[in-house]
Amino acid sequence: MKRGDRHSVDARRRIAEATRAAMAAPAVRQKISERTKLGMRTPATELTLIRGAWRGARSGARRAFIEEVLAPLFKVPERS
């Protein structure tokens, strides 16, 4: 796309000014920062969080989770 295909010089200037004004608000910058950090999480980070949650859970909760997840694999279809 060539520069200026969509907006005139004046329109680009107004868009830039509006963006700068919106970005001046600390709440907006904080929200962008939080979302950026969330997006930067790697699968390894998520795996670490899951492992922590697993280790923190009671054994009964872990057992119930495993049974719930594996039940469809071992369910014997009923015969009519």
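Each value in this text was obtained by applying a stated rule to the coordinates, not by laboratory testing. Computed from a prediction, not measured in an experiment: that's the story for all the values here. Ideal geometry is used to build each Cβ from the backbone, glycine not excepted, and the neighbour counts take in all protein chains shown.
Table for the structure above
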read-out	value
Nearest-ten-degree value, helix 43-56 long axis tilted from longest Cα axis of the chain	40
Cα long-axis angle, helix 59-74 against the chain (0 to 90 degrees, to the nearest 10)	90
Centre separation in Å (Cα based) which lies between the stretch 34-80 and the stretch 8-30	42
Relative intensity, log₁₀ I(q)/I(0), of the chain from a Debye sum that treats every alpha carbon as a point, q = 0.19 Å⁻¹	-1.00
222 nm mean residue ellipticity, helices alone, for the chain (DSSP H n ≥ 4; -39,500 (n - 2.57); rounded to 500)	-24000 deg cm²/dmol
GluC sites (Glu not before Pro) restricted to DSSP loop in the chain with at most 13 other C-beta within 10 Å	GLU78
